[in-house]
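The values are calculated or read from the model by the stated rules, or taken from the named source; none is laboratory data. Because the structure is predicted, anything quoted here is derived from the model rather than measured. Ideal geometry is used to build each Cβ from the backbone, glycine not excepted, and the neighbour counts take in all protein chains shown. For the accessible areas, the whole protein counts, side chains as well, though only heavy atoms, and no ligand, DNA or RNA atoms are used. Shrake-Rupley method; radii C 1.70, N 1.55, O 1.52, S 1.80 Å.
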Amino acid sequence: MTSAWELLLPAASAPARARGRALQEALRDAVRSGRLAAGTRLPSSRDLAADLGVSRGLVTEAYEQLTAEGYLRSGRGAGTWVGDAVRAARPRARDLSPRSSADLADFVPGTPDLSLFPRPAWAAAQRSVLTDLPHEGLGYPDPRGLPRLRTALAELLARRRGVVADPERIVVVSGVAQATALLAGVLHARGTHTAGVEDPGSPQHSALYASAGVGTVPLPLDDEGLALGPLRDSGVRAVVTTPAHQFPTGIAYSARRRAELLDWARSVDGLVLEDDYDGDFRYDRAPVGALQGLDPERVAYTGSVSKSLAPGLRLGWLLVPDWLADDVVERKRTTDLGHPALDQALFARFVERGDYDRQLRVCQRAYRERRDTLVGALAEYFPGSRVTGIAAGLHAIVTLPERYGPEEGFLARVAEAGVAVRSLAAYAHGGADGGQAAGGPRAGGPRAGGPPAGGPAAGKEVRLVLGYAHLTPGRIRAGLERMARAV
């Protein structure tokens, strides 16, 4: 049979000791892929062995093995046939990771500059860890994380973010998403069925709470942070906040609002989940300290290396109140038995040797330069525009004069010109695109006092969220120039 001979000939030329296994695998692949369709009669073992130049026993063994597995069927004196158990070809692996925009200019926020990843320092840390890690270090880790990393994180977070960091209450997680999901699951098990989320705010918070069976209540912001009146009226006892740098408004919660938020938590025996979004990136003065430092028993604090190193590392931390610690650790244990030990040991060394602090300084300088470039280019190409939220973070809020509106037409024109950009309205709960911006896992919206994020802008104003961290200064200027020509 010529077709069978062509399919199986490479297997026949395999080394003698591997020839039988190669022949079996070649037959399996041919059946799985549909090249040998169900009902096809195969040559006799004698004929196929002669065609391939192999022993008859080797072909007979392959037929018998695949018959036992269900790929082939045979009957005494009736020959060997392809069975009908395999219905489809082997599926190809797809890549569902967020893709970089194919647009000529991409201002969608949420992505750091991945070219800043410190490859030489990371590789050196990896070699050192692989050399020094004892054999038992490759076993199942403490579900909270390696003591070495938790100790290093406690020192780092206390020094840089002002948290009250007990290594015994730190849990190493796969980013803020897992931290949120763990807390949502624990709260649900304790009887909490609704939680408040900032509106505008991250749509991921709502999705993660929903996955644990906890509904979310959108709560508005004002110029100082989460508005207290709607929070009190909502009846929730848990709320998710980004007090250091609210995405994307850029506001830092005022000292008064922080105190009021904690007073609310105490009065309802509640919990504040603090997502320290962009907390390390403040350009014009020292970063605002974490809310958790004011009341460690009412605030669960979480952060990650997604903006400082790379989101693909899937590495973050969760610092929980003492009364939740055991439940969170148990849920982490049953979820994945702990974060990968090698990754933890590597990052611990990276922090201990000061490499992480150096990386933060590199990013700080690069992103400050890009922010300044963005502001200058906006003044040049869009005179009269108002830029806010630029004291920290990796994006800016830009309000263009009414002559550029209406917003819908503006967005259509820049899209036709190959410029990817998101309006502020898109980031509200219930916004036009569901609030999810391509390229970034977390999102936000406008301040209270402005137009509703999910509705039309006041008059013909165009309100945009412009991400700049992943763009070089040259690409920022070129993108804004292209946008200006389009409108």
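Side notes on the structure shown:
- Residue in the stretch 21-29 that is modelled with pLDDT of 85 or more, outside any helix (DSSP H, G or I) and not β-branched (Val, Ile, Thr) present: no
- Among the residues of the stretch 415-426, those that are out of contact with any strand residue (DSSP E or B) (no Cβ under 6 Å at 6 or more places or on another chain) and open to solvent by 30 Å² or more (accessible area, probe 1.4 Å) comprise 415, 416.
- Residue 77 out of contact with any Lys or Arg (no Cβ under 7 Å at 6 or more places or on another chain) and open to solvent by 50 Å² or more (accessible area, probe 1.4 Å): yes
- The residues on offer are 84, 132, 142, 95, and the sole one that is among the charged types (D, E, K, R) and touching a residue at least 60 places away in the same chain (Cβ under 8 Å) is 142.
- Exactly one residue out of 318, 346, 324 is touching a residue at least 24 places away in the same chain (Cβ under 8 Å), crowded, with 17+ Cβ neighbours inside 10 Å and touching a strand residue (DSSP E or B) at 6+ places or on another chain (Cβ under 6 Å), and it is 318.
- Members of the stretch 311-331 that are assigned to a helix (DSSP H, G or I) and under 18 Å from the mean Cα position of the chain (by Cα): 311, 312, 313
- Complete set of residues in the stretch 340-377 that are among the basic types (Lys, Arg) and touching a Pro at 6+ places or on another chain (Cβ under 7 Å): 370
- Set 212, 244, 252: member being in contact with a Gly (Cβ under 6 Å, 6 or more places away or on another chain) and within 21 Å of residue 109 (Cα to Cα): 244
- If you go through the stretch 381-414 and keep only what is open to solvent by 30 Å² or more (accessible area, probe 1.4 Å), more than 25 Å from the chain's Cα centre (by Cα) and closer than 23 Å to residue 113 by Cα, you end up with 387, 388.
- Cβ pairs under 6 Å, 6+ apart, first in the stretch 411-428 and under 15 Å from residue 108 (Cβ atoms), second open to solvent by 20 Å² or more (accessible area, probe 1.4 Å) and among the hydroxyl-bearing types (Ser, Thr, Tyr): 420/101
- Residue count for the stretch 117-129, restricted to those that are open to solvent by less than 40 Å² (accessible area, probe 1.4 Å), touching a residue at least 60 places away in the same chain (Cβ under 8 Å), in a helix (DSSP H, G or I) and within 28 Å of residue 365 (Cα to Cα): 3
- Tally, over the stretch 229-245, of residues that are closer than 23 Å to residue 388 by Cα and either free of Cβ contacts under 8 Å to residues at least 60 places away in the same chain or among the small types (Gly, Ala, Ser) (or both): 3
- Scanning the stretch 361-374 for residues that are of a type in the set (Val, Ile, Thr) and buried (at least 17 other Cβ atoms within 10 Å of the Cβ) yields a single hit, 373.
- Pick from the stretch 459-477, criterion open to solvent by 40 Å² or more (accessible area, probe 1.4 Å) and over 20 Å from residue 116 (Cβ atoms), ranking: modelled with the lowest pLDDT: 459
- Cβ-Cβ contacts under 6 Å between residues 6 or more apart (or on different chains), taken from a first residue in the stretch 464-487 that is within 18 Å of residue 372 (Cβ to Cβ) to a second residue that is aromatic (Phe, Trp, Tyr) and crowded, with 21+ Cβ neighbours inside 10 Å, are listed as 466/107; 467/107; 469/367; 476/468.
- Those helices (runs of 4 or more DSSP H) lying entirely in the stretch 144-240 with at least 3 residues modelled with pLDDT of 95 or more and open to solvent by less than 10 Å² (accessible area, probe 1.4 Å): 147-161, 175-189
- Restricting attention to the stretch 248-262 and to residues that are among the aliphatic types (A, V, I, L, M) and touching a residue at least 60 places away in the same chain (Cβ under 8 Å), the residue that is surrounded by the most Cβ atoms within 10 Å (Cβ to Cβ) turns out to be 251.
- Residue count, the stretch 263-304 (criterion: free of Cβ contacts under 8 Å to residues at least 24 places away in the same chain and part of a loop (DSSP other than H, G, I, E, B)): 1
- Under the condition of being of a type in the set (A, V, I, L, M, F, W, C), open to solvent by less than 50 Å² (accessible area, probe 1.4 Å) and either free of Cβ contacts under 8 Å to residues at least 40 places away in the same chain or in a loop (DSSP other than H, G, I, E, B) (or both), the residues counted in the stretch 38-71 number 4.
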